[in-house]
Amino acid sequence: MSEVSTGCTTPAATRRVVVAGGGYAGTTCAVALGRALRRHGGDIEVLVVEPNPCQQALSELDLVAVGPPRPQFCELWHPTVFKDLPVRVCYERVAQVRPDEHLVVVGEGHEVPYWRLVIATGAIPSVPPIPGLREHAITMWSVEDAQRLQQAIEAAFKTAARLPDASDRRRALGFAVVGGGATGVEIVGTLGRMLPIRMRDAGLDPADLTVCLIEARPDILYDLPQRLRTVARAKLERLGVVVVTDAPVSGVEPGKVGLGDGRDLDASVLVWAGGAHADPHAVEWGLRADPTGRLVTDACLLAEGRDDVYVIGDVAASRDPKTGRVLPMLAQIAIQAGPHAASNLLREAAGSAPLPFEPHLRGEFVSIGPRDGVGWMYGALLSGLAAITMKRITYVKYWLQVGGVRLALKRTREMVAMQR
């Protein structure tokens, strides 16, 4: 039914909706629009502009990096998601947005007119100008990053296997993760759980291994209640992870990371998980941005001052109507904003006004290794098997939302096969 192609400039329908970005927000928006059009018809054309033919499940990259080489688990293929929907995909990057001309420029200068634009271009890793950091650290934002970490682990094992001196082996097997938020904790937890197993399989002694989590602030996981932070830290320490707090990174050199208090820690492999910031190109598109570079929206998710541009996901500075605070960069917010923007677009096409967005933060879970975690849901604090089970269920719910039962069953089988 659908035409998923690289064609970006085919003749437009009466009303073309361009969805710029194919992450959680953009994908859920396009799927919701496509399903509504499939059921009821209409003169709306949906065009997704996204350079990557797959959506990457960033929260699972730690298991790809440390576990068996199965990067396909982290990819939700757009051709699969959109194959039965009236949605086209243009596999190009958004080069420019010209709101006054109702145009998006993609790739090498192809102009794509729109009736409505949905900006969902997401975020990128925030890498500050610390000496040596960009050159020597691995970010964790894509399957390619996970594969780089996997290769770095293999290289460290091979180096250690050739070293007769125990102190040299310990230096070669020093792993450090910088950033005590959810991403950093999930990565370091998986390293702490899986690396000793892999070392024994390779004939290496786990006693030579050091895994550190480095955080500049006094504690980790500030998005979680204090009780859960304490539980998470204890779980990491039981895995042998050394948690170093109040320790800003001052510089990075091959094999070591320098801290602000003058200490140096062995880090033959260094992972940077120090946060993210909105798509840096978004501030160039003539729309108002806040001081962090996120595009400011009104209550209906329309870009401030525009009635034809929606902004959703991590690139959006949308406010919680209950608290007035800017909503955090969370997948659950993006997954709610995408369908809401789609609903508003359909309302506009029918001659009705868009409605305000009312997000619901239902919970948050952080894995600590493949089979453990902490989190909360509807006010209840969970840890251990209950927490990791609820985290996995959120994946299944998302797969059901965008791909139906068949995709959910396929991804669930893969999840079980990887012992998560």
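To keep it simple, each residue is scored yes or no on (1) at pLDDT 80 or above; (2) more than 20 Å from Val309 (Cβ to Cβ); (3) buried (at least 20 other Cβ atoms within 10 Å of the Cβ); (4) of a type outside the set (S, T, N, Q).
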| site | (1), (2), (3), (4) |
| --- | --- |
| Arg15 | yes, no, no, yes |
| Ala20 | yes, no, yes, yes |
| Tyr24 | yes, no, yes, yes |
| Leu33 | yes, no, yes, yes |
| Val48 | yes, no, yes, yes |
| Leu58 | no, yes, yes, yes |
| His78 | yes, yes, yes, yes |
| Val97 | yes, no, yes, yes |
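Among the residues in segment 92-99, are any over 26 Å from Val249 (Cα atoms), over 22 Å from the mean Cα position of the chain (by Cα), acidic (Asp, Glu) and outside any helix (DSSP H, G or I)? Within segment 92-99, none of the residues are over 26 Å from Val249 (Cα atoms), over 22 Å from the mean Cα position of the chain (by Cα), acidic (Asp, Glu) and outside any helix (DSSP H, G or I). Name the residues in segment 185-208 that are under 14 Å from Ala160 (Cα atoms) and either small (Gly, Ala, Ser) or touching a Lys or Arg at 6+ places or on another chain (Cβ under 7 Å) (or both), would you? The answer is Ala202, Gly203, Pro206, Ala207, Asp208. Looking across segment 312-355, the residues that are among the small types (Gly, Ala, Ser) and more than 24 Å from Pro280 (Cβ to Cβ) come down to Gly324, Ala342, Ser343, Ala349, Ala350, Gly351, Ser352, Ala353.
The rows are residues; the columns are (1) more than 30 Å from Val231 (Cβ to Cβ); (2) among the small types (Gly, Ala, Ser); (3) outside the structural domain of Lys235 (by TED's automatic domain parsing).
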{"residue": "Ala331", "(1), (2), (3)": "no, yes, yes"}
{"residue": "Pro339", "(1), (2), (3)": "yes, no, yes"}
{"residue": "Asn344", "(1), (2), (3)": "yes, no, yes"}
{"residue": "Glu348", "(1), (2), (3)": "yes, no, yes"}
{"residue": "Gly351", "(1), (2), (3)": "yes, yes, yes"}
{"residue": "Phe357", "(1), (2), (3)": "yes, no, yes"}
{"residue": "Gly369", "(1), (2), (3)": "no, yes, yes"}
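Just wondering, is there one or more residues in segment 298-315 that are in the same structural domain as Phe357 (by TED's automatic domain parsing) and under 15 Å from Gly181 (Cβ atoms)? Within segment 298-315 (the criterion being in the same structural domain as Phe357 (by TED's automatic domain parsing) and under 15 Å from Gly181 (Cβ atoms)), the answer is yes, since at least one residue qualifies. Take segment 284-329 and flag every residue that is closer than 23 Å to Pro125 by Cβ and without any contact (Cβ under 8 Å) to a residue 12 or more places away in the chain. Scanning segment 284-329 gives a single hit, Pro291. Applying the selection to segment 396-419, what residues are in contact with a Phe, Trp or Tyr (Cβ under 6 Å, 6 or more places away or on another chain) and within 20 Å of Cys29 (Cβ to Cβ)? Across segment 396-419, the qualifying residues are Leu407, Ala408.
The values are calculated or read from the model by the stated rules, or taken from the named source; none is laboratory data. As the structure is a prediction and not an experimental result, all values here were calculated from the model. Cβ atoms come from the backbone with ideal geometry, glycine included; neighbour counts cover every protein chain shown.
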